[in-house]
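Just below is one structure, and these are the notes that go with it.
The values are calculated or read from the model by the stated rules, or taken from the named source; none is laboratory data. What you see is a predicted model; the values in this text were computed from it and never measured. Because the Cβ atoms are built from the backbone with ideal geometry, glycine has one as well, and the counts that use them run over all protein chains shown.
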Amino acid sequence: MARELKGKVIAITGASAGIGAATAVACGAAGMKVVLSARRVEQLEATAQRVRDAGGEALVVPCDVASDAQVQQLVDRTVEAFGSLDVMFANAGYGFLMPVERLDAGAHEKIFDVNYFGTVRCVNAALPLMKKQQAGHIVITSSIVGRVGLPFYAHYSATKAAQDALGTALRLEVEPYGVDVSVLYPIGTKTEFFEVSAKLGGRDTIMENTPEVFMQSADHVARRVVKCLRRPCPEIWPARWAHFGSSMATLFPRLTRWGLRKHANKDRKVLREMGM
Ligand SMILES: NC(=O)c1ccc[n+]([C@@H]2O[C@H](COP(=O)([O-])OP(=O)(O)OC[C@H]3O[C@@H](n4cnc5c(N)ncnc54)[C@H](OP(=O)(O)O)[C@@H]3O)[C@@H](O)[C@H]2O)c1
């Protein structure tokens, strides 16, 4: 039977833009109590208003997922305001184009601290409460590149693979406590991701190699997330062909390398133009 979402409490990291913001609004439309978190307060407040306009309740809790204390505060303030935490959506993250050997150790560690350890912090802060409640749902935003590593995004792909493995393993650890774990695998999604990527990669222009036909909207991803909240499933593939494609990529590695080589050659050209 589908779960009733009205009145349920969801905390979302990375809710100031893109997939997180679209999911916040979709959860508001489902009548949920939405706790929006990220670093940029103005954007969070604007999205919170959209959640309210859609019919939900909203609370803004600014939080950098690289901080243990701030993530714990996110959970504490959620419970203070709404009395429980039904869903933790660990979604905050970023990536950028860079050859592995050009990435300094600090930047490499930083992306793991946000994408992977940020997710771990959300899980660790939410789980004790969910176990006590004997109910809860953890949703983790990985990526298709967590299954098929993308050249020149190796560091980013590695964080997404780590999130994928975390979610897959955690699922059976917490199953006896009535806690569900779902991992989300978006393909290229039209969000601020590519602007952030360009800035962090030292480029002025946004460059996205993926043909338009293979891009999806954040609203589409959000609808699939909400569907999974109603009927929890282990994996969310907003583009169904990508699920099939990632399985084929594992079965036919030579074909995968052929496809990725073409993609890598385009990025190599951009990097050469940038003098890298
Ligand atoms: N767009 C894609 O093509 C794509 C594909 C596959 C997977 N994904 C994944 O989807 C997730 C959401 O990305 P998006 O596409 O929606 O990109 P986006 O529009 O750039 O949103 C990223 C969100 O993460 C937040 N964030 C970044 N660093 C943070 C930190 N240290 N602490 C707290 N929040 C932080 C940002 O908010 P603030 O800057 O305000 O903190 C923003 O709200 C990411 O995990 C990304 O890896 C994206």
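Which residues, taken from the stretch 79-134, are more than 16 Å from the ligand (Cβ to nearest atom), modelled with pLDDT under 95 and surrounded by 14 or more Cβ atoms within 10 Å (Cβ to Cβ)?
99, 103, listed by residue number.
Can you tell me how many residues in the stretch 45-61 are farther than 12 Å from residue 14 by Cα, within 15 Å of the ligand (Cβ to nearest atom) and not hydrophobic (A, V, I, L, M, F, W, C)?
The total comes to 2.
Output the residues belonging to the stretch 81-113 that are touching a residue at least 12 places away in the same chain (Cβ under 8 Å), out of contact with any His (no Cβ under 9 Å at 6 or more places or on another chain) and in a helix (DSSP H, G or I).
Those that are touching a residue at least 12 places away in the same chain (Cβ under 8 Å), out of contact with any His (no Cβ under 9 Å at 6 or more places or on another chain) and in a helix (DSSP H, G or I): 81, 82, 102, 110, 113.
For the stretch 135-149, which positions are in a loop (DSSP other than H, G, I, E, B) and more than 10 Å from the ligand (Cβ to nearest atom)? Step through it out loud before you land on a result.
To start, the set of residues in the stretch 135-149 that are in a loop (DSSP other than H, G, I, E, B) comprises 135, 142-143, 147-149.
Those that are in a loop (DSSP other than H, G, I, E, B) and more than 10 Å from the ligand (Cβ to nearest atom): 135, 147, 148, 149.
Return the total of residues in the stretch 19-44 being surrounded by fewer than 18 Cβ atoms within 10 Å (Cβ to Cβ), within 13 Å of the ligand (Cβ to nearest atom) and not in a helix (DSSP H, G or I).
2
Would you be able to say whether some residue in the stretch 169-177 is surrounded by 17 or more Cβ atoms within 10 Å (Cβ to Cβ) and either within 16 Å of the ligand (Cβ to nearest atom) or closer than 21 Å to residue 103 by Cβ (or both)?
Keep residues of the stretch 169-177 that are surrounded by 17 or more Cβ atoms within 10 Å (Cβ to Cβ), which gives 170-171, 174.
Imposing the further condition that a residue be either within 16 Å of the ligand (Cβ to nearest atom) or closer than 21 Å to residue 103 by Cβ (or both) reduces the set to none.
Within the stretch 169-177 (the criterion being surrounded by 17 or more Cβ atoms within 10 Å (Cβ to Cβ) and either within 16 Å of the ligand (Cβ to nearest atom) or closer than 21 Å to residue 103 by Cβ (or both)), the answer is no, since none of the residues qualifies.
Considering only the stretch 135-191, how many residues are of a type in the set (Asp, Glu) and within 22 Å of residue 249 (Cα to Cα)?
First, pick out the residues of the stretch 135-191 that are of a type in the set (Asp, Glu): 164, 173, 175, 180.
This time we only want the ones that are within 22 Å of residue 249 (Cα to Cα), so: 164.
Qualifying residue count for the region: 1.
If you take the residues in the stretch 184-213 that are among the hydrophobic types (A, V, I, L, M, F, W, C) and in contact with a strand residue (DSSP E or B) (Cβ under 9 Å, 6 or more places away or on another chain), which one is modelled with the lowest pLDDT? Steps first, answer last, please.
Narrowing the stretch 184-213 to residues among the hydrophobic types (A, V, I, L, M, F, W, C): 184, 187, 193-194, 196, 198, 200, 206-207, 213.
Still in the running and in contact with a strand residue (DSSP E or B) (Cβ under 9 Å, 6 or more places away or on another chain): 184, 187.
Details: 184: 98, 187: 95.
Looking at residues that are among the hydrophobic types (A, V, I, L, M, F, W, C) and in contact with a strand residue (DSSP E or B) (Cβ under 9 Å, 6 or more places away or on another chain), I get 187.
Of the residues that sit in the stretch 62-78 and are within 13 Å of the ligand (Cβ to nearest atom), of a type in the set (A, V, I, L, M) and surrounded by 23 or more Cβ atoms within 10 Å (Cβ to Cβ), which one is nearest to the chain's Cα centre (by Cα)?
65
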